[in-house]
Amino acid sequence: MRNELCTSLYAKASPVAAVSSLLLQQMKCSRAAGAQELSQELPLSGVKLRQRQPMDYFTQQLINGLVLGSIYGLIAIGYTMVYGIVGMINFAHGDIFMIGGFIALITFLILISIGVTAVPLILLVVLLVAMAITALYGWTVERIAYRPLRHSFRLAPMLSAIGMSFVLTNYSQVAQGARVKPIPPLITGGYTLHESADGFVIQLSNIQILVVITTIVLLLIFNRLVLRTRLGRDMRACEQDQTMAALLGVNVDRTISMTFVIGAALAAVAGLMYLLYYGQVDFNMGFVAGIKAFTAAVLGGIGSLPGAVLGGLAIGLIETFWSAYFSVEYKDVAAFSILIIVLIFMPTGLLGRPEVEKV
Amino acid sequence: MTALSQETVSATRTAAGIPFILKKAFLSALVALVLFSLMIGIRTEAGPDGQLTYWTRFGELASIVGIVFGGSILIELARQWIGPIGAEKLVPPAVHRGMSILGNYLAPALLIFTLLVPVIFYNQRYILDLAILVLTYVMLGWGLNVVVGLAGLLDLGYVAFYAVGAYSYALLATNFGWSFWICLPLAGILAAMWGVMLGFPVLRLRGDYLAIVTLAFGEIIRLVIINWQSLTGGPNGVTGIPRPTLFGIPLDNSDDGLAAKLGIEYSPTHRIVFLFYLILALALLTNWVTIRLRRLPIGRAWEALREDEVACRALGINTTTTKLTAFATGALFGGFAGAFFATRQGFISPESFTFQESALVLAIVVLGGMGSQLGVALAALAMIGGFELFRGLEIYRMLVFGWAMVLIMIWRPRGLIGHRAPTVYLKKAQAISSDLVKEGHG
């Protein structure tokens with residue numbers, strides 16, 4: 001019954017995606033309710049449950065929203081750092097996140113096939129490999145497409161970044177094929193927080209806990225890095241005045257490169273979390289995730305790391321609640337509208353500093 | 001100054017011996033090896049039962065790393081022989097001057113050739129269809145050129161206005177049966193109104209923020225079209241959009257058709273030729289309006305805005321109004337092009353209005369040289385013609401397209417084909433070209 005429902009919903013929602021989704025529906029439908037994707041199956045089951053258990057439903061959506069928001073927050077850190085220092089929107093950052101997801105997937109596959117079974121070991125190796133290789137992607141993109149344009153006219157880096165975004169999307173399509181790549185759930189199990197009389201359970205799965213904790217830990221580490229280390233001080237110096245920083249002995253090129261490397265490494269973590277949480281990657285996932293993460297960065301205040309995560313959580317919650325209570329079809333419209341509204345009324349974001357225009 | 005630069009050149013020459021080149025190439029190859037090791041060396045695919053399988057492709061990996069190694073050596077050698085690759089080296093000044101003289105004759109020659117295309121290729125339906133497609137993109141390029149090229153506002157959601165125009169015509173014509181000639185101006189005006197509605201709040205944002213907001217707007221329009229099924233038909237689109245008529249005379253096989261009225265034998269090509277001249281007329285209208293506007297105070301203000309916004313404000317130009325008119329003018333032409341697209345296809349769906357389409361039009365403007373009308377036309381021809389030529393290599397299309405955008409930005413940021421300087425400027429020798437400095441510096 002449940003499987004039938006899923007099939008029909010997928011077919012109705014998007015005929016194009018239906019073929020690839022059919023492959024997945026078996027797996028998805030059998031996933032734990034807590035880890036289910038915020039896709040078509042969620043609000044429908046919610047409609048009838050909401051009337052009876054509004055509070056439980058709300059709590060479950062809150063959990064889902066926080067997890068989604070953590071992933072956005074991890075991507076948003078990359079946007080916020082780069083925009084803070086170089087003053088450009090790294091349009092290809094969403095695709096770096098996608099590449100990170102793919103590398104995590106392939107590493108995972110190799111480890112499974114050579115017979116590694118210990119889950120913590122697999123996770124650690126996958127995390128390290130994905131971070132390292134994706135960071136190199138970030139470095140290369142900066143070196144090829146942005147560094148030569150450091151002193152070009154103002155639209156040039158943006159256009160170059162759009163070009164790079166197309167290159168990365170198409171590269172992974174050519175290299176890995178256009179079909180969605182599913183993996184079986186690696187981390188299973190979870191906790192039942194509360195079970196109501198009529199059977200609606202609030203679940204908190206292990207993977208959700210992992211995603212949120214990873215985000216918080218990484219945020220603390222990198223915030224410390226920016227505030228306390230030599231590299232962080234160089235970054236903040238470059239943010240304020242690149243010429244002056246260079247005169248005072250800061251290697252500006254190296255600092256900017258490191259910013260891209262860190263951003264890409266965090267995007268790789270986000271890619272891995274996305275892979276674990278949703279159980280799939282595809283070559284097209286970077287575009288929308290990228291725009292939403294950018295929205296998060298703007299909402300939190302460009303240049304601020306805690307702001308990026310805060311903005312990510314806000315976007316994740318808004319999107320989840322919008323899907324749960326209004327319409328799942330318009331969840332992206334809601335997210336994009338927030339971007340426009342925030343930029344118009346609150347361009348400095350929640351934790352940002354006002355930008356002074358200089359001649 | 002010159003002595004210094006010569007010194008640095010000789011210094012780099014001595015430093016760049018063969019070991020240096022080899023070391024650099026080796027490092028590039030090493031980076032490539034790590035980058036491609038998993039993405040190209042291993043290919044994953046979901047099997048029929050949803051189980052993921054993989055196989056290795058070390059041959060491809062090795063050849064790509066080899067190509068990077070060889071390419072790196074070649075680029076480094078070329079850099080030593082030619083010097084730093086820049087616009088001046090790529091196109092010598094003499095050629096440039098020749099081009100500009102040729103350019104004076106090229107535009108009329110191209111126009112005459114375009115007018116004659118239906119005569120020359122009357123029996124080749126494929127070429128006529130392709131020509132109509134190219135002209136549609138020429139028109140879109142010229143429309144976006146007002147926004148990006150003249151006013152310097154990066155609009156990543158131009159396709160939204162194209163969609164508004166197309167859906168306006170499609171819905172008005174299918175629901176109320178209004179004729180193309182009433183709907184065409186309406187489609188343009190509706191698109192322009194959307195342009196004003198979007199532009200009014202967001203135009204005080206600076207460059208990149210504006211770009212991302214227009215992108216979001218384009219996506220919102222597309223998502224609304226997909227999801228508002230009762231009005232737009234959702235992903236299925238609108239079908240049965242009426243064909244255009246020659247001011248009320250249909251171009252079909254019936255007794256009131258144009259062929260019957262003129263007493264000539266009916267042929268389906270008549271309609272294609274009519275569509276060709278229709279889009280040509282629309283495109284030329286766009287071009288004419290743009291050229292006229294450029295000479296009006298508002299056009300001068302656009303160009304000034306592109307060069308330096310802060311100076312504009314200091315001189316008392318109302319930047320919001322100026323930006324808004326540029327936005328609305330661009331949207332108007334986008335709406336016209338959309339209405340034409342709908343009537344030509346007879347069927348529209350949201351798939352035609354994705355971000356890729358926006359980026360393609362933007363790439364045409366960038367490639368053509370922002371602000372240059374002839375450049376944009378040539379870029380549209382090269383781009384759409386190129387896509388047709390390499391139809392078999394469809395999957396590599398966006399890869400090449402993306403690289404082209406990156407490389408053009410690095411080598412010739414103001415456009416590969418043309419470059420339009422401001423129409424008026426003070427005749428004073430500049431210390432450094434504005435191409436080479438960041439906004440507000442130099």
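A few notes on this one:
- Index of the failed condition, B:R397 passing every other in (1) part of a helix (DSSP H, G or I); (2) surrounded by 18 or more Cβ atoms within 10 Å (Cβ to Cβ): (2)
Conditions (1) polar (S, T, N, Q); (2) outside the structural domain of B:L153 (by TED's automatic domain parsing), marked per residue:
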| site | (1), (2) |
| --- | --- |
| B:D208 | no, no |
| B:E219 | no, no |
| B:R222 | no, no |
| B:N227 | yes, no |
| B:G233 | no, no |
| B:T245 | yes, yes |
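- Listed by position, the helices (runs of 4 or more DSSP H) inside region A:214-280 whose residues that are touching a His at 6+ places or on another chain (Cβ under 9 Å) number at least 2 are A:252-278.
- With respect to the conditions (1) closer than 30 Å to A:L123 by Cβ; (2) within 14 Å of chain B (Cβ to nearest Cβ); (3) among the small types (G, A, S), A:S337 lacks only one, and its number is (1).
- When region B:240-271 is filtered for residues that are touching a residue at least 12 places away in the same chain (Cβ under 8 Å) and either assigned to a helix (DSSP H, G or I) or over 20 Å from B:L184 (Cβ atoms) (or both), the ones remaining, listed by number, are B:N253, B:L258, B:K261, B:Y266, B:T269, B:H270, B:R271.
- A:L123 of a type outside the set (S, T, Y) and under 19 Å from A:A92 (Cα atoms): no
- Single residue of region B:210-239 satisfying the filter (within 17 Å of B:A326 (Cβ to Cβ) and without any contact (Cβ under 8 Å) to a residue 60 or more places away in the chain) that is farthest from the other protein chains (Cβ to nearest Cβ): B:L210
- Filter result (assigned to a helix (DSSP H, G or I) and either buried (at least 18 other Cβ atoms within 10 Å of the Cβ) or outside the structural domain of B:Y137 (by TED's automatic domain parsing) (or both)) within region B:309-323: B:E309, B:C312, B:T322, B:K323
- Taken over region A:290-316, the criterion of being within 14 Å of the chain's Cα centre (by Cα), among the hydrophobic types (A, V, I, L, M, F, W, C) and more than 13 Å from every other protein chain (Cβ to nearest Cβ) is satisfied by A:A308, A:V309, A:L310, A:L313, A:A314.
- Residue match in region B:111-132 (condition: under 29 Å from B:R300 (Cα atoms) and surrounded by fewer than 24 Cβ atoms within 10 Å (Cβ to Cβ)): yes
- Residue satisfying condition, being closer than 27 Å to B:V117 by Cβ, at pLDDT 80 or above and among the polar types (S, T, N, Q), within set B:S358, B:S372: B:S372
Each row is one residue, and each column tells you yes or no for (1) surrounded by 19 or more Cβ atoms within 10 Å (Cβ to Cβ); (2) of a type in the set (G, A, S); (3) touching a residue at least 40 places away in the same chain (Cβ under 8 Å); (4) touching an Asp or Glu at 6+ places or on another chain (Cβ under 6 Å).
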site: A:T215; (1), (2), (3), (4): yes, no, yes, no
site: A:L225; (1), (2), (3), (4): no, no, no, no
site: A:T243; (1), (2), (3), (4): no, no, no, no
site: A:A265; (1), (2), (3), (4): yes, yes, yes, no
site: A:V269; (1), (2), (3), (4): yes, no, yes, no
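- Residue match in region B:325-335 (condition: in contact (Cβ under 8 Å) with a residue 12 or more places away in the chain, within 29 Å of B:L133 (Cα to Cα) and surrounded by fewer than 17 Cβ atoms within 10 Å (Cβ to Cβ)): no
- In the condition set (1) of a type in the set (D, E, K, R); (2) under 22 Å from the mean Cα position of the chain (by Cα); (3) not in a helix (DSSP H, G or I), B:R306 is compliant with all but (3).
- Residue check, B:I348 crowded, with 21+ Cβ neighbours inside 10 Å and of a type in the set (A, V, I, L, M): yes
- Single match in A:A104, A:A135 (criterion: at pLDDT 90 or above, touching a strand residue (DSSP E or B) at 6+ places or on another chain (Cβ under 9 Å), assigned to a helix (DSSP H, G or I) and not hydroxyl-bearing (S, T, Y)): A:A104
- Scanning region A:106-120 for residues that are within 14 Å of another protein chain (Cβ to nearest Cβ) and out of contact with any helix residue (DSSP H, G or I) (no Cβ under 6 Å at 6 or more places or on another chain), we see that the one that is farthest from A:Q280 (Cα to Cα) is A:I114.
- Odd one out for B:V361 among (1) touching an Asp or Glu at 6+ places or on another chain (Cβ under 7 Å); (2) in a helix (DSSP H, G or I): (1)
- A:G94 in a helix (DSSP H, G or I), under 18 Å from the mean Cα position of the chain (by Cα) and either surrounded by 21 or more Cβ atoms within 10 Å (Cβ to Cβ) or more than 7 Å from chain B (Cβ to nearest Cβ) (or both): yes
- Evaluated against (1) among the β-branched types (V, I, T); (2) crowded, with 24+ Cβ neighbours inside 10 Å; (3) modelled with pLDDT of 90 or more, A:V125 falls short on exactly one condition, (2).
- If you filter region A:169-212 down to residues that are within 14 Å of another protein chain (Cβ to nearest Cβ) and charged (D, E, K, R), you find that the one that is nearest to the chain's Cα centre (by Cα) is A:K181.
The values are calculated or read from the model by the stated rules, or taken from the named source; none is laboratory data. Here the structure is a predicted model, which means the values were calculated and not measured. In this analysis, Cβ positions are derived from the backbone assuming ideal geometry, glycine residues included, and neighbour counts consider all displayed protein chains.
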